[in-house]
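Participant: Sending over a structure as structure tokens; questions will come in a sec.
The values are calculated or read from the model by the stated rules, or taken from the named source; none is laboratory data. A quick note: this is a predicted structure, and the numbers were derived from the prediction, not measured. No Cβ is skipped: glycine too gets one built from the backbone with ideal geometry, and neighbour counts run over all protein chains shown. To get the accessible areas, we keep the full protein, side chains included, count just its heavy atoms, and leave off ligands, DNA and RNA. Shrake-Rupley method; radii C 1.70, N 1.55, O 1.52, S 1.80 Å.
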Amino acid sequence: MENYDTFINFLDQISDLISSKALETKENERNLEVANQKALTLTTTKEKIGLSSIIGESKEIQILNQKIKRIASSISTVLITGESGTGKELYARALHNESERSEGPFIAVNCAAIPENLLESELFGYVRGAFTGADPKGKIGKFEQANNGTIFLDEIGDMPLYIQVKLLRVLEQREVARLGSNKLISINARVIAATNKNLEDMVKNNTFREDLYYRLNVIPLFLPPLRKRKSDIKLLANYFINKFSRLFNKKVVSISQSFWSFIVNYNWPGNVRELQNTIEYIINMMGEDGHICDDLLPPKIKNITELLKDDNCGIEHMEKELFKKAIEIYGSAGESKKVIAEKMGIGIATLYRKLKKKNRLL
């Protein structure tokens with residue numbers, strides 16, 4: 001009888017242990033779900049940005065918007081290219097919200113902003129104990145968060161090569177495996193990538209995988225720089241003037257024609273982002289009279305015009321000053337040479353020759 005009672009107690013202990021483990025498992029699953037929802041809240045926005053939210057009436061923008069409408073229902077990967085500040089994420093969000101996935105999540109990942117040693121776990125997630133310092137509950141990755149929606153990989157050109165290999169596998173198999181696990185998880189997420197870099201040149205220099213480039217570049221979209229669609233500059237400037245005057249509780253009474261002349265003829269190397277920041281500065285500096293004139297403009301926007309007023313305006317002097325100003329505006333990095341040559345309407349070899357002659361190097 002004593003042995004029987006001992007056996008029954010043993011069974012009760014086993015039962016309690018199993019129940020405890022079951023509750024613990026259920027609690028862990030609940031915690032993971034809560035963590036997932038918190039992650040989604042942090043990386044998504046309820047703001048719906050469609051094509052109607054994009055400002056622009058130029059031919060270039062109209063053609064781009066037509067392309068967006070045609071490809072919205074597709075699941076094919078999109079690669080958005082364009083200079084910094086042209087609105088690549090804005091168009092990615094518009095593409096998502098024009099699609100049948102609009103009710104699903106839009107997950108944005110800046111590949112350049114996340115440290116290299118964390119990017120892999122951010123994208124693919126990890127299980128408990130995957131590495132030292134990992135969350136003991138594990139972590140869901142951005143691809144899983146984007147399930148039934150869209151994942152936007154911004155600055156894709158900054159993604160390390162070893163992660164590019166894993167990304168290619170995800171694109172081809174539509175499955176991800178969290179770090180520390182061999183379990184494959186099916187995903188249904190449209191991938192939109194973006195970069196301001198020349199990926200074809202990076203492929204030639206072996207800094208970007210050729211197979212991944214072609215896998216991303218199924219549907220290419222190029223966002224033209226602001227200087228190539230001058231008819232949109234005044235439209236955008238007026239939008240930002242209204243936006244910031246309301247935000248700062250200021251009333252704009254008049255805008256001078258000379259102000260518009262500078263705004264429209266400036267090249268805007270920082271594109272829409274630079275224009276927005278410039279208008280925000282101007283509204284901050286505007287006096288109580290509510291008058292916007294060219295005196296409020298930042299000096300760099302007026303420099304080229306003011307240069308022509310210089311008494312020492314011989315061709316050699318002006319060319320020298322122009323080179324100097326171009327370097328200040330566009331910088332002296334490798335890609336800047338091509339931009340400066342394009343702006344001046346000369347070949348890259350001619351640019352080098354002139355710079356050597358003036359003993360100035362980019």
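Participant: Taking the Cα-to-Cβ direction at Lys197 and at Val264 and moving 7 Å from each Cα, how far apart do the two end points lie in nm?
Facilitator: With each label placed 7 Å out from Cα toward Cβ, I get 3.8 nm.
Participant: Kindly report, to the nearest 10 Å², the accessible surface of Tyr214 as traced by a 1.4 Å probe over protein heavy atoms only.
Facilitator: Estimated to the nearest 10 Å², Tyr214 gives 140 Å².
Participant: Modelled label-to-label distance, Asn303 and Lys230, 7 Å Cα→beta-carbon offset: nm?
Facilitator: Here the answer is 2.1 nm between the modelled labels.
Participant: Can you send over the carbon and sulfur percentage of the accessible area for region 191-233, probe radius 1.4 Å, protein chains only? Walk me through the numbers before you get to the answer.
Facilitator: Values: 970 of 2050 Å².
Heavy-atom surface of region 191-233 belonging to carbon and sulfur, 1.4 Å probe: 47 percent.
Participant: Let me ask something additional. Hey, any idea what Rg/Rh is for region 150-243, computing Rh the Kirkwood way over Cα pairs?
Facilitator: 1.12
Participant: Amide H to amide H under 5 Å from Leu223: which residues, 5+ apart in sequence or cross-chain, H placed 1.01 Å off N in plane?
Facilitator: Thr81, Gly82
Participant: Note down the accessible area of Ser73, probe 1.4 Å, to the nearest 10 Å².
Facilitator: Estimated to the nearest 10 Å², Ser73 gives 80 Å².
Participant: Further question: To check my understanding: the extent here is largest minus smallest coordinate of the Cα atoms along each principal axis. What are those three numbers for region 58-201, in Å, largest first?
Facilitator: Sorted from largest, the Cα extents of region 58-201 read 54, 32, 23 Å.
Participant: Could you order Val339, Val191 so the one with the most accessible surface comes first? Probe is 1.4 Å.
Facilitator: The residues order as Val339, Val191, largest area first.
Participant: Using the structure shown, list the pairs from Lys251/Lys300; Lys67/Lys230; Lys69/Lys251; Lys142/Lys197 with a Cα-Cα distance above 28 Å, or answer none. Before the final figure, lay out each step's value.
Facilitator: Numbers: Lys251/Lys300 26 Å; Lys67/Lys230 21 Å; Lys69/Lys251 37 Å; Lys142/Lys197 23 Å.
From Lys251/Lys300; Lys67/Lys230; Lys69/Lys251; Lys142/Lys197, over 28 Å: Lys69/Lys251.
Participant: List the extent of the Cα atoms of region 100-182 along each of their three principal axes, largest first, rounded to whole Å.
Facilitator: 39, 26, 23
Participant: May I ask you to compute the full-extension gain from Glu288 to Arg169, defined as 0.36 nm times their residue separation minus their alpha-carbon distance, rounded to one decimal in nm?
Facilitator: Numbers: separation 119, 0.36 × 119 = 42.84 nm, distance 5.93 nm.
Result for the pair: 36.9 nm of gain on full extension.
Participant: Here's another thing I want to ask about it. In Å², and per residue, what accessible area does region 208-254 have when probed at 1.4 Å with the other protein chains present? Don't jump to the answer; show the numbers that get you there.
Facilitator: Details: 2600 Å² over 47 residues.
With all protein chains present, region 208-254 gives 55 Å² per residue.
Participant: Quick one: if you stick a label point 7 Å off each Cα along the C-beta vector at Ser254 and Val127, how many nm between them?
Facilitator: 7.3 nm
Participant: Leaving ligands and nucleic acids out of the surface, order Cys111, Cys293 by accessible area at 1.4 Å, largest first.
Facilitator: Largest accessible area first, the list is Cys293, Cys111.
Participant: Could you order Ser231, Ser76 so the one with the most accessible surface comes first? Probe is 1.4 Å. Write out the running numbers ahead of the final one.
Facilitator: Working: Ser231 85, Ser76 40 Å².
Greatest to least solvent exposure: Ser231, Ser76.
Participant: Oh, and also: So, with +1 on the Cβ of K and R and -1 on the Cβ of D and E, and no other charges, what is the size of the charge dipole of region 124-254 about its Cα centre, to the nearest 20 debye?
Facilitator: Charge dipole of region 124-254: 720 debye, to the nearest 20.
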